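A short reminder: the numbers here are calculations on the coordinates, not readings from a lab. All values reported here derive from a predicted model rather than from experimental measurement. Don't worry about glycine lacking a Cβ; one is built from the backbone with ideal geometry, like all the others, and counts go over all protein chains shown.
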Amino acid sequence: MPDKIQKISIYKFSIPLKKPFVISLGPITHAENIIVKINTEKGFQGFGECSPFMTINGESQDTAFIVGQLLAKKLKEKNSITPQYNLDTMNEVIYGNSSIKSAFDIALHDVAAQEASMPLYQYLGGKKNKKIITDYTVSLGSAEEMANDALSIKEKGFTVIKVKLGTTFKEDVERIKAIRVAVGKKINLRIDANQGWDVESAIKILKALEKYNIQYCEEPIARWDFMNLKKIRNKCLIPVMADESCCDHHDAARLIALKSCTMFNLKLGKSSGITNALKIISQAEKAGMTMQVGGFMESKIGMTANAHLALTSKYIRYFDFDTPLMFSEDPVSNGIVYREKGLVEVPDTPGLGAIISEERLQKLEQVIF
C-alpha cells in the first residue's frame, strides 16, 4: 500500500542572528522562517523549511504561515506523498508563494527518501563524489568594517569569501580594494550586488574590479532588467551569475535562450523546492552552465536540503551555505556538519537527516492538520 499523509504541522521559527546581516536590499536581524513537518501513516516524519524574503519572493513569515494552512488542507485532502503531484496541487491552490511551497516540497522529499531507505542525495540520483566547500559572507558596511570582517573570516579558516556590494562605484570599489589588502591575493572572492546597480554602473564597477581576481558577480542589476544582463556579460570579464532573475525552470529556459549569463544560483525558496530545482539543473547541464546552490536565512534544515541537492550534478561547483553559522543558536539536530576550512559534510542517514526536537517545536507558534 502506498504511504499517505497522516498529519501536517506548520511552525513559525524565529532565531536572532549574532549580529545584523546587511545587503543592498536592507538589514536582517533575525531569521524569520517556517518549519513544515509531515507525518505519514507508515510512521515517517519529514521536515522542510523556508526563509521567506519579502523583497525577493514577496513573502513574509506571516504570509507563509497563512498560505501554508491553505496548502496543508488541500494536500491532506489529496493524501499523497509524491512531490511532483503535490507541487502541482499547491500550484492549483495559489499562484507564486514559492517560499512556503518549498518547505512542503522539501518535507515530502524527506519522507520519500526515507521510505526508499536512501539519503536524500542518493534518492535524487546524486553521489558523494566531490567536496562541498561553503563560502562565508561579508555584509555591507564601510570599507574598513568589511575588510576587518573579511580578515576575521580568513583567520577562521574559510577559503572562500563572498562580499555583499550594490551601492556606489566609489564605495564598492573601495570595499573590494580594502578587502584584498586585508586578506591577500590568494583567497577566493566572489561578489553579490543583489540588484543594486543599473546597467551602466554595473559595467563600470565590474571593469574596475577585474584586477582584484573576482570569481563571479551575482545579480548585478534589477531582476526585471534581465534583457540587459547579456550586455554586462559581453562587456565584462567577471562572470555574471543570475540569482533573483532565475527563480524557476521557466526563468532558466528564458535566460539560457537569451544567453544572458554564465551561471545560475539555485535557491529552493525561489524554485518552490527540489522538484523544480532539478528541472533547472537539467536545463543548465544541457547548456553547459555552472551553478551555485545558495539560500536565504535557512537553518540547518534548509541548508541540509541544499547540500543534498548540490551532490546531484557535476555542474554545481559553488556553495553558499553559511547562514546557520550566523545564528545565535543551533536548534537543529544532525544534518550537515561544518568542518574546518568551510568543508560541509552531508549525512548518509535515510532522508534529509536533519530534525528539530518535538520539545523545541512545541514552544513555537503552530497549526496542525
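Please arrange Asp251, Asp198, Asp320 by how many other C-beta atoms lie within 10 Å of their C-beta, fewest to most.
Fewest to most other Cβ atoms nearby, the residues stand as Asp198, Asp251, Asp320.
Apply the Karplus curve 6.51 cos²θ - 1.76 cosθ + 1.60, θ = phi - 60°, to the phi angles in region 352-369 and return the couplings in whole Hz, x for Gly and Pro.
Using θ = phi - 60°, the values come out as 5, x, 9, 9, 10, 5, 4, 4, 6, 5, 5, 8, 9, 4, 8, 9, 10, 10 Hz.
Considering only the other residues whose Cβ falls under 15 Å of the Cβ of Thr40, what net charge follows from Lys and Arg at +1 and Asp and Glu at -1?
+2
Rounded to two decimals, what ratio of Rg to Rh does the chain give with C-alpha atoms and a Kirkwood Rh?
0.96
Check the straight Cα-Cα distances from Lys156 and name the lysines below 18 Å, setting aside those fewer than 8 residues away within the same chain.
Once the sequence-local lysines are set aside, what remains near Lys156 is Lys18, Lys19, Lys185, Lys186, Lys341.
For Val22, list long-range residues whose amide hydrogen, built 1.01 Å from N in the peptide plane, is under 5 Å from its own amide hydrogen.
The list, which skips near neighbours in sequence, is Ile28, Ser139, Leu140.
Could you compute the net charge surrounding Lys101? Neighbours are other residues with a C-beta less than 12 Å from the C-beta of Lys101; K and R count +1, D and E count -1.
Net of charged neighbours comes to -3.
On a 0 to 90 degree scale, rounded to 10, what angle separates helix 143-155 from the longest Cα axis of the chain?
Taking Cα atoms only, the helix is inclined about 60 degrees.
What list of ³J(HN,Hα) couplings, whole Hz, do you get for region 284-296 from phi and the Karplus terms 6.51, -1.76, 1.60, once you set θ to phi - 60° and write x for glycine and proline?
Per residue, the Karplus-derived 3J(HN,Hα) values read 5, 4, 5, 8, x, 9, 6, 10, 10, 10, x, x, 9 Hz.
How big is the Cα convex hull of region 265-369 in projection, averaged over all directions, in nm²?
Seen from a random direction, the Cα hull of region 265-369 projects 8.0 nm² on average.
Enumerate by residue number the trypsin sites (Lys or Arg not before Pro) in region 178-244 meeting two conditions: DSSP loop (anything except H, G, I, E, B), and at most 14 other Cβ atoms within 10 Å of the site's Cβ.
Listed in order of number, the matching sites are Lys185, Lys186.
What Kirkwood Rh does region 1-156 have if only Cα atoms enter the pairwise 1/r average? Answer in Å.
The answer is 17.7 Å.
Give me the net charge for the shell around Tyr123: Cβ to Cβ below 15 angstrom, other residues only, Lys and Arg +1, Asp and Glu -1.
-3
From the phi angles alone, apply the Karplus equation (6.51, -1.76, 1.60; θ = phi - 60°) to region 305-318 and give each ³J(HN,Hα) in whole Hz, x where the residue is Gly or Pro.
Whole-Hz 3J(HN,Hα) from phi for region 305-318: 4, 4, 5, 4, 4, 5, 8, 8, 8, 5, 7, 8, 10, 10.
Under 5 Å between amide H atoms, partner at least 5 residues away or on a different chain: which partners does Glu218 have, H built in plane at 1.01 Å?
Distant-sequence amide H within range of Glu218: Ile191, Asp192, Ala193, Met241.
Sequence gap at least 6, Cα distance under 8 Å: using those rules, report the relative contact order of the chain to the nearest whole percent.
Reported as a whole number, the value is 21 percent.
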